[in-house]
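Notes to accompany the following structure.
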Amino acid sequence: MSEFEQRNAGVVAVSTDSKFSHKAWLETPRKKGGIEGCKYPLLADFTKKVSADYGVLQETSGVAVRGLFLINTDGVVEAILVNNLPIGRNVDEVLRLLDAFQEHQKNGVVCPIGWAKGKEAINPAQAAAWFEKHAK
Amino acid sequence: MSVRVGEKAPEFTLDAVVKGDFKSVSLKDYRGKWLVLFFYPLDFTFV
């Protein structure tokens with residue numbers, strides 16, 4: 001979580017469960033399938049409206065699929081990652097995206113395939129120089 | 001309705017559990033900060 005805090009980012013999780021279910025899960029030890037000690041808020045979309053608004057409500061089952069939205073400081077969506085139910089997420093990829101969008105916001109550069117913090121991004125005005133140096 | 005990159009994220013205000021307490025959480029609470037908002041199907045599964 002500190003990795004997100006260092007990047008001025010909050011994290012919140014949403015499901016269509018009730019807040020009471022969330023509380024029970026938060027109070028269940030990890031070894032029993034719980035998430036005791038989890039530091040970020042769990043939101044209860046009990047009416048399923050927010051899941052529907054974000055386009056992640058699976059109508060056949062009534063639950064939300066694993067959708068992740070990266071939202072910038074102005075409330076604009078910068079990235080969307082959606083997995084079907086069986087597959088979990090990759091925190092490192094979310095941090096990489098945050099780094100890339102923040103690099104772009106701060107310096108106006110664009111981040112090519114595989115970019116990660118510490119690698120050289122592309123200044124659009126001098127893209128030719130970047131390709132000269134990095135293209136194989 | 002669905003969400004697209006480059007567009008405003010839909011506003012929401014929901015009941016939540018924050019550090020063990022029941023609270024209300026809104027998208028507006030995060031203006032000026034980045035936000036990772038993620039959905040998962042059910043409590044007592046993985047995320």
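The values are calculated or read from the model by the stated rules, or taken from the named source; none is laboratory data. Note that the coordinates shown come from a computational prediction; the quantities given were computed from them, not determined experimentally. We place every Cβ from the backbone using ideal geometry, glycine too, and count neighbours over all the protein chains shown.
At a glance:
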item	result
Selection within the range A:81-93 - hydrophobic (A, V, I, L, M, F, W, C) and touching a strand residue (DSSP E or B) at 6+ places or on another chain (Cβ under 6 Å)	A:81, A:82
Unique residue being of a type in the set (A, V, I, L, M, F, W, C) and surrounded by 16 or more Cβ atoms within 10 Å (Cβ to Cβ) when the list is A:87, A:113, A:122	A:122
Flag if residue B:12 is at pLDDT below 95, hydrophobic (A, V, I, L, M, F, W, C) and within 25 Å of residue A:3 (Cβ to Cβ)	no
Count of residues meeting criterion [over 19 Å from residue A:30 (Cα atoms) and surrounded by 13 or more Cβ atoms within 10 Å (Cβ to Cβ)] in the range B:31-47	7
Some residue of the range B:9-30 being within 7 Å of chain A (Cβ to nearest Cβ), surrounded by 21 or more Cβ atoms within 10 Å (Cβ to Cβ) and assigned to a loop (DSSP other than H, G, I, E, B)	yes
Complete set of residues in the range A:36-62 that are crowded, with 20+ Cβ neighbours inside 10 Å and aliphatic (A, V, I, L, M)	A:42, A:43, A:44, A:50, A:56, A:57
Residue in the range A:111-123 that is under 24 Å from residue B:42 (Cβ atoms) and either over 17 Å from the mean Cα position of the chain (by Cα) or assigned to a loop (DSSP other than H, G, I, E, B) (or both) present	no
Checklist (1) surrounded by 18 or more Cβ atoms within 10 Å (Cβ to Cβ); (2) touching a His at 6+ places or on another chain (Cβ under 8 Å) applied to residue A:66, failing item	(2)
Pair list, Cβ under 6 Å, 6 or more apart: the range A:113-126 residue under 10 Å from residue A:100 (Cβ atoms), other residue in a helix (DSSP H, G or I)	A:115/A:100; A:116/A:96; A:117/A:99; A:121/A:103
Contacts under 6 angstrom Cβ, first residue in the range A:41-52 being facing another protein chain (nearest Cβ under 7 Å), partner among the acidic types (Asp, Glu), 6 or more apart	A:44/B:15; A:51/A:45
Members of chain B that are of a type in the set (Asp, Glu) and over 14 Å from the mean Cα position of the chain (by Cα)	B:7, B:21, B:43
Count - residues of the range A:8-35 that are at the interface with chain B (Cβ under 7 Å from one of its Cβ atoms), outside any helix (DSSP H, G or I) and surrounded by 16 or more Cβ atoms within 10 Å (Cβ to Cβ)	8
Single condition residue A:61 does not satisfy, out of (1) at the interface with chain B (Cβ under 7 Å from one of its Cβ atoms); (2) closer than 17 Å to residue B:43 by Cα	(1)
Qualifying residue in the range A:92-103 (condition: in contact (Cβ under 8 Å) with a residue 24 or more places away in the chain and loosely packed, with under 15 Cβ neighbours inside 10 Å)	no
